[in-house]
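Here's the structure, in structure tokens; my notes come after.
The values are calculated or read from the model by the stated rules, or taken from the named source; none is laboratory data. Note that the coordinates shown come from a computational prediction; the quantities given were computed from them, not determined experimentally. All Cβ positions, glycine included, derive from the backbone under ideal geometry; neighbour counts span all protein chains shown.
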């Protein structure tokens, strides 16, 4: 277990909840036994992290089951900020919320967001009278959630959502390789209105750290051209990659309220924890530009960055 505990230090917008800067992102993988997944979540909770994110669509409910078991075992539900999502943007909201709460084994979550709301037409539908946000408000009045918002991979939709006055929290990409509008427009607009900012893509879906098209999908690696002792081609990474520390320090410098990472294994957690502890404050402008150039190089040859419009 990590020796030190992280402390809450940043209020999420105007929610009143004081969060750790690092949050627990999705780590569900049905190839991994649920006991192991739960232990990994509990390890992060034991380290002090107090924001946790899930969604019904993450491994078809498996993520919610993992989070629910981890919360039940840890006994710290009231000190955690639990984020869940509404995946089917055009279907009635409350039945989806009820199904999520059942999988979680909870009576409420702290934040409900419309998940991956990136089309302007759907945004307009959700904001109309009787639409999804009115339905979210009804869930809040019934005590099934405390706050509402959206997660989105569209700067335009995010700006409309922020301007609507209906958002408590917005979730969007922030990291060394994202569309600049997330950083230059969305983040400051949310801060100005005291809307919470919970962000992801610090590692570019994994592209910045390794030879992957993202989300643990490996690329075909070219062989070195020689044989190993076993007679098979030796394979090694051939594309540029970055380090955990520079990605995290870059994102922390941009200053979202919470940075979600999907830390699926203890060694990944330890690398993130070490980088957090090494953060000594905002990076200099020149260093930020250097990291951006490295990120631009590191994503090439690794597939489309679909979160960049």
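A few remarks follow.
- Applying the criterion of being part of a loop (DSSP other than H, G, I, E, B) and surrounded by fewer than 19 Cβ atoms within 10 Å (Cβ to Cβ) to the residues of segment 44-58, the residue that is farthest from the chain's Cα centre (by Cα) is 48.
- Every condition in (1) at pLDDT below 95; (2) closer than 24 Å to residue 99 by Cβ; (3) out of contact with any strand residue (DSSP E or B) (no Cβ under 9 Å at 6 or more places or on another chain) holds for residue 57 except the one numbered (3).
- Among the residues of segment 24-43, the ones that are farther than 18 Å from residue 206 by Cβ and within 16 Å of the chain's Cα centre (by Cα) come to 1 in all.
- Residue within segment 295-303 that is surrounded by fewer than 16 Cβ atoms within 10 Å (Cβ to Cβ) and in contact with a strand residue (DSSP E or B) (Cβ under 8 Å, 6 or more places away or on another chain) present: yes
- Of all residues in segment 119-142, those that are surrounded by 19 or more Cβ atoms within 10 Å (Cβ to Cβ) and closer than 25 Å to residue 306 by Cβ total 3.
- Total residues in segment 250-282 satisfying the condition of being out of contact with any strand residue (DSSP E or B) (no Cβ under 6 Å at 6 or more places or on another chain), closer than 20 Å to residue 177 by Cβ, assigned to a helix (DSSP H, G or I) and touching a residue at least 40 places away in the same chain (Cβ under 8 Å): the figure is 3.
- Taking the conditions (1) within 30 Å of residue 135 (Cβ to Cβ); (2) at pLDDT below 95; (3) touching a helix residue (DSSP H, G or I) at 6+ places or on another chain (Cβ under 6 Å) in turn, residue 64 satisfies each one other than (2).
- Of all residues in segment 72-82, those being outside any loop (DSSP other than H, G, I, E, B) and either loosely packed, with under 14 Cβ neighbours inside 10 Å or at pLDDT below 95 (or both) number 6.
- Answer residue from segment 8-33, given it is modelled with pLDDT under 95 and more than 21 Å from residue 174 (Cα to Cα) and is surrounded by the fewest Cβ atoms within 10 Å (Cβ to Cβ) among those: 31
- Index of the failed condition, residue 5 passing every other in (1) out of contact with any helix residue (DSSP H, G or I) (no Cβ under 7 Å at 6 or more places or on another chain); (2) in a loop (DSSP other than H, G, I, E, B); (3) surrounded by 20 or more Cβ atoms within 10 Å (Cβ to Cβ): (3)
- Looking across segment 18-38 at every residue that is in a loop (DSSP other than H, G, I, E, B) and touching a strand residue (DSSP E or B) at 6+ places or on another chain (Cβ under 7 Å), the one that is nearest to residue 80 (Cα to Cα) is identified as 20.
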